Amino acid sequence: MKYYEFDSPFYALIKAPNERKAKAIYKKYIWAAGCYNCKERSRDYALMKFAMAHDSKTNDVIFKLNQFLEENSDVLLIDANTG
């Protein structure tokens, strides 16, 4: 699985097998008009961003880690101001 970070028009961190799939997920769940800037990120970078966005006091850490590690394409993070 690869990790893609989008910063425009709305921030998102998406895991997908390739950039094309990541852009399709972005269009489906984030912004129908698509994205302007997509960068592939390392697994470590994505994991750090994902971990920093979740409060271990209010979230089940094991559940969140499993969500990150699953082999399914998924939106991992999204700008809270979206939609």
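The values are calculated or read from the model by the stated rules, or taken from the named source; none is laboratory data. This structure is a prediction, so every number in the text was calculated from the model and none was measured. Positions of Cβ are generated from backbone atoms using ideal geometry, with glycine treated the same way; all protein chains shown enter the neighbour counts.
Could you tell me which numbered condition LYS39 fails, if it satisfies all but one of (1) surrounded by fewer than 16 Cβ atoms within 10 Å (Cβ to Cβ); (2) modelled with pLDDT of 90 or more; (3) part of a helix (DSSP H, G or I)?
Of the numbered conditions (1) surrounded by fewer than 16 Cβ atoms within 10 Å (Cβ to Cβ); (2) modelled with pLDDT of 90 or more; (3) part of a helix (DSSP H, G or I), the odd one out for LYS39 is (3).
Going by the conditions given, is TYR45 hydroxyl-bearing (Ser, Thr, Tyr), surrounded by 16 or more Cβ atoms within 10 Å (Cβ to Cβ), modelled with pLDDT of 95 or more and under 21 Å from ASN66 (Cα atoms)?
No; evaluated as a whole, the condition is false for this residue.
I'd like the full set of residues that are in contact (Cβ under 8 Å) with a residue 24 or more places away in the chain, farther than 14 Å from ASP74 by Cβ and among the hydroxyl-bearing types (Ser, Thr, Tyr), limited to segment 15-58.
Hits for segment 15-58 are TYR36, SER42, TYR45.
Residue check: is ALA12 exposed (fewer than 15 other Cβ atoms within 10 Å of the Cβ) and either touching a strand residue (DSSP E or B) at 6+ places or on another chain (Cβ under 7 Å) or farther than 11 Å from VAL75 by Cα (or both)?
no
Return the residues of segment 45-71 that are closer than 22 Å to SER8 by Cα and in a helix (DSSP H, G or I); say none if nothing qualifies.
TYR45, ALA46, LEU47, MET48, LYS49, PHE50, ALA51, MET52
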